[in-house]
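Remarks on the structure that follows.
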Amino acid sequence: MIQKVAASRTLNANSAGSAAGALGGATMGKDEFIKLLVAQMQRQDPLNPSDGKDMAAQLAQFSSLEQLMNINTALGTQGASSAALANAFAGATAIGLIGKTVTAQDASVTVGSGVPLPMQTDVPAAGTLVARLVNAQGVTVRTVKVGAVEAGRTAIPVDSLTSGVPNGSYTVALDFTNASGTVSQLATLVRARIDGVQYGPNGPVLKSGGRTFSLPSIASIDLDG
């Protein structure tokens, strides 16, 4: 009888070791865990079964693993649903802007392809403003001193910045100096009438002539169109 018990214990240990070894050092998943648990229960010594506390601990581990996997699946499904809802809302918002005049953050200007869009900026306080035209290589090709400005929306002299410069793509940089002498960069705003919507991998994009604007770049919308 002693020899049979010892043999049964050896078989149980070898079976558990084989099942664990089959994982090759990888993280044990739900399926592997349940296979190992079943193998241990089938091959345990009938005269000396697994301790009740050990069995309860194993079952608790399996239950926790099951719950975590279910939570992960639920979160993944919820995330996909939220993304689909956000895309649908963005699409409906974009379509609703067709025919509206918007103000968007956009510092780009193209010389040689029509009349540049009017540009503005929101000045936070009284100070002085300088506008610079920067080429694709990051070099300032023209500087215009706008002069003293007050808090509020201020027009940018786009014609003065672009007149006579070579055709190409540029950006407008705005250097604002407040009453204390601190220099900061202000956002450049353009006004455009939306005439279409373009859909892409990053969601809907608003079209105005040959230019495009993302929804997050929209700063304001004229209610009267």
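Every read-out reported here was derived from the displayed coordinates using simple, explicitly stated rules and does not represent laboratory data. Note that this is a predicted model, so its numbers are computed, not measured. Reconstructed Cβ throughout: ideal geometry from the backbone, glycine too, with neighbour counts over all protein chains shown.
With r as the distance between the Cβ atoms of Arg132 and Asn167 and R0 = 25 Å, compute the FRET efficiency 1/(1 + (r/R0)^6) and round to 0.05. Walk me through the intermediate numbers first.
On the way: r = 19 Å, r/R0 = 0.74.
It comes out at approximately 0.85.
Excluding Gly210 itself, what net charge comes from residues whose Cβ is under 14 Å from its Cβ, given Lys and Arg +1 and Asp and Glu -1? Walk me through the intermediate numbers first.
On the way: positive: Arg193, Lys207, Arg211; negative: Asp106, Asp195.
The answer is +1.
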